[in-house]
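Novice: A single structure is presented below for examination.
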Amino acid sequence: MIGEQAQARVTTLLREFMNGWIAKQYEELRRIEEEGVSPSGILAPFHDALVPGIRGLGERGFSTALGNLHERIALEIASDAHEEAERAHHLAGNLPVLAREFITQRIDQLEDGGARPDHSYEREQLLGAFGAEVPEDTRIDLYVRSNAATEHYFEMKSAKPNKGQCIEMKQRLLTVLGIRRVESVFVWWGVPYNPYGTAAAYSHPYPARFFDFASEVKLGAEFWNFVGDDEGTFELLLGLYRNVGEEYADQLDGPHALLAGREV
């Protein structure tokens, strides 16, 4: 469960995020009204002609910024619940040449459909790699050392990553296994929310080409409940988001109403 102090820190992060984002929206409105210019490109006259104001809050930019916030919140929760946690974790060490070659070949196979994701196989090959080594390093979005002394490395890209992002995540995660080569190390694609609702319904095409969902993906509630080391973490965190959202509801009505009423 998220401790009270961690809850307070998460709430502060959410408020800081909302204050900054709302201020940016009002500056955008000022530029639109005074200069007819939208710096972030939120104007969509055909969209707004059908549903006034639908693009007014810049949902794409909001989602990108929120993704960065999720990493910071995950760090707060993991630091409270586990032995150690670090964001943007830099890992350096020696990588067997055989492991480096396996990673390159494996990603090529997954990309062209010559193999299906099989995390057990990939893990076995990398943990058992030996022979000549070369220096290697990588950077991982979130590192967690659990109270049971297991190490978990998470990449936390978009819930709907493109092919390039999938390749980047897979490369980094396999590199971690190749450098560490111990049974107590685990690597994951950590997804803060599931846009499809359930794991079975998840259907964005690119991740299925690269990731073994049952063995190397923590999706939505499963991710947050692990980070918080408690089955109630996801629901508690969602409640904190809702509470802060309610605090800012009136401030959000202003930009939306102004853009909805703007001549297209």
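The values are calculated or read from the model by the stated rules, or taken from the named source; none is laboratory data. Source: prediction; values computed, not measured. FYI the Cβ positions are ideal-geometry reconstructions off the backbone, even for glycines, and counts take in every protein chain you see. For accessibility, only protein heavy atoms count, side chains too; no ligands or nucleic acids. Shrake-Rupley method; radii C 1.70, N 1.55, O 1.52, S 1.80 Å.
Novice: Report whether or not ALA148 is open to solvent by 10 Å² or more (accessible area, probe 1.4 Å) and more than 28 Å from HIS204 (Cβ to Cβ).
Specialist: Yes, satisfied.
Novice: Answer with yes or no whether LEU95 is in contact with a Gly (Cβ under 6 Å, 6 or more places away or on another chain) and open to solvent by less than 30 Å² (accessible area, probe 1.4 Å).
Specialist: So LEU95 passes the test.
Novice: Inspect region 8-24 for any residue being of a type in the set (S, T, N, Q), under 23 Å from ASN225 (Cα atoms), open to solvent by 60 Å² or more (accessible area, probe 1.4 Å) and in a helix (DSSP H, G or I) and give the result as yes or no.
Specialist: yes
Novice: Across region 155-175, what is the total count of residues that are surrounded by 23 or more Cβ atoms within 10 Å (Cβ to Cβ) and closer than 16 Å to ALA92 by Cα? Let's see the steps before the verdict.
Specialist: Our first condition is that a residue be surrounded by 23 or more Cβ atoms within 10 Å (Cβ to Cβ); within region 155-175, this holds for 155, 166, 169-170, 173-175.
Adding the requirement that they be closer than 16 Å to ALA92 by Cα leaves 173-175.
Of the residues in that region, 3 qualify.
Novice: I'd like the residue in region 35-66 that is closer than 30 Å to TYR153 by Cβ and surrounded by 16 or more Cβ atoms within 10 Å (Cβ to Cβ) and, out of all such residues, is modelled with the highest pLDDT.
Specialist: Of everything passing the filter in region 35-66, LEU66 is modelled with the highest pLDDT.
Novice: Which condition breaks for ILE73 when tested against (1) farther than 17 Å from TRP189 by Cα; (2) assigned to a helix (DSSP H, G or I); (3) not hydroxyl-bearing (Ser, Thr, Tyr)?
Specialist: (1)
Per-residue answers, yes or no, for (1) out of contact with any Lys or Arg (no Cβ under 7 Å at 6 or more places or on another chain); (2) at pLDDT 95 or above:
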site	(1), (2)
ALA148	yes, no
TYR153	yes, yes
LYS170	yes, yes
LEU177	no, yes
ARG180	yes, yes
GLY190	no, yes
PHE210	no, yes
PHE226	no, yes
ARG242	yes, no
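Novice: Given (1) assigned to a strand (DSSP E or B); (2) open to solvent by 50 Å² or more (accessible area, probe 1.4 Å); (3) touching a Ser or Thr at 6+ places or on another chain (Cβ under 8 Å), where does ARG139 come up short, assuming only one miss?
Specialist: (3)
Novice: Further question on the same structure: Would you pick out the residues in region 213-231 that are in a loop (DSSP other than H, G, I, E, B) and open to solvent by less than 20 Å² (accessible area, probe 1.4 Å)?
Specialist: GLY220, GLY228, listed by residue number.
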